[in-house]
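Bear in mind that the values in this text are calculations on the coordinates, not laboratory data. Remember, predicted model here, so these are calculated numbers, not experimental data. Note: ideal-geometry Cβ built from the backbone for every residue, glycine included; neighbour counts use all protein chains shown.
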């Protein structure tokens, strides 16, 4: 907590992304009055500090250790580990309720970056399998809306591009989409489906997209702001 006194008339609380809790108070306000105010707002402070810690974890490097959170279609899955007795080098990932469980097998004997990479590969492999189940029906839905045939669909892991469309190879969708909520997923899928008819970003493309997703412009901006949250 950082107390900042200035020529102001009232107390104000602020959660700063880097500096944490800021308490802005009048120059001559007694310390006891400030402490009483903080006590009265304890629930608000705890809630927003927990959110800040979560955001910092999302921005920091993933370690793939128990307790880390991964988005999944708007939900959160908590990573867990369990020992395994197979000679498989790669851990096996599976969902159990609200947990994504990694059975370590031989990965339990690895250390450092080699271990982290093995855990990461397994998490991405699980999401890739899920993407092959979850994304094609969404593509089919929007193709039906535009009376288009279902294209070939491939799943890739890309750092920057959420999707791409080719008249020859069909749609390529980023496995990272499954880290997002369903509103953002549908926006990206609809965007790429519209390119099957309009291979540019001209007025006709935007008319098509906004006919499918009326809030497309707002969602595009949101995805740009939040893209670093949705990563492995």
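Footprinting exposure proxy ranking of 103, 109, 78, fewest other C-beta atoms within 10 angstrom first, gives 109, 78, 103. A crude spin-label estimate for the pair residue 44 and residue 141, with each label 7 Å from Cα along the Cβ direction, gives 3.8 nm. In the chain, Cα pairs under 8 Å separated by at least six residues give a relative contact order of 13 percent.
How tilted is helix 182-195 with respect to the longest principal axis of the chain? Cα atoms for both, answer in degrees (0 to 90, nearest 10). Approximately 40 degrees, to the nearest ten.
Axis of helix 112-145 versus longest Cα principal axis of the chain: the two differ by about 60°, to the nearest ten degrees.
Scaling the Cα radius of gyration of the chain by the globular reference 2.2 N^0.38 Å produces a ratio of 1.32.
Counting only DSSP beta bridges with both residues in region 69-128, the antiparallel share comes to about 65 percent. Compared with the dominant Cα axis of the chain, that is its longest principal axis, helix 216-226 is turned about 60°.
When the chain is treated as a GNM with alpha-carbon contacts under 10 Å, the residue of 55, 68, 35 showing the greatest mean-square fluctuation is 35.
Can you classify region 157-232 as rounded, prolate or oblate using the Cα gyration tensor, where a ≥ b ≥ c are the square roots of its eigenvalues, rounded means a/c under 1.5, and otherwise it's prolate if a/b beats b/c and oblate if not? Here region 157-232 falls in the oblate category. Expressed to the nearest 5 percent, the antiparallel share of DSSP beta bridges inside the chain is 55 percent.
Annotation: the residues 3, 104, sorted from fewest to most other C-beta atoms within 10 Å of their own C-beta, follow the order 3, 104.
Summary of packing: across the peptides 190-202, 208-220, the per-residue average of other C-beta atoms within 10 Å ranks them, highest first, as 190-202, 208-220. Across all directions, the average flat footprint of the convex hull enclosing the Cα atoms of region 69-128 is 4.0 nm². A simple spin-label model places the labels of residue 33 and residue 226 4.0 nm from each other, with each point 7 Å out along Cα-to-Cβ.
The share of alpha-carbon pairs in region 1-122 lying farther apart than 17 Å comes to 67%. Bridge orientation summary for region 131-229: considering DSSP beta bridges with both residues in this region, about 50 percent are antiparallel. Full extension of the chain segment joining residue 210 with residue 182 gains 8.4 nm, where the gain is 0.36 nm per residue of separation less the Cα-Cα distance.
Computed over region 2-59, the P(r) tail beyond 17 angstrom holds 40 percent of alpha carbon pairs.
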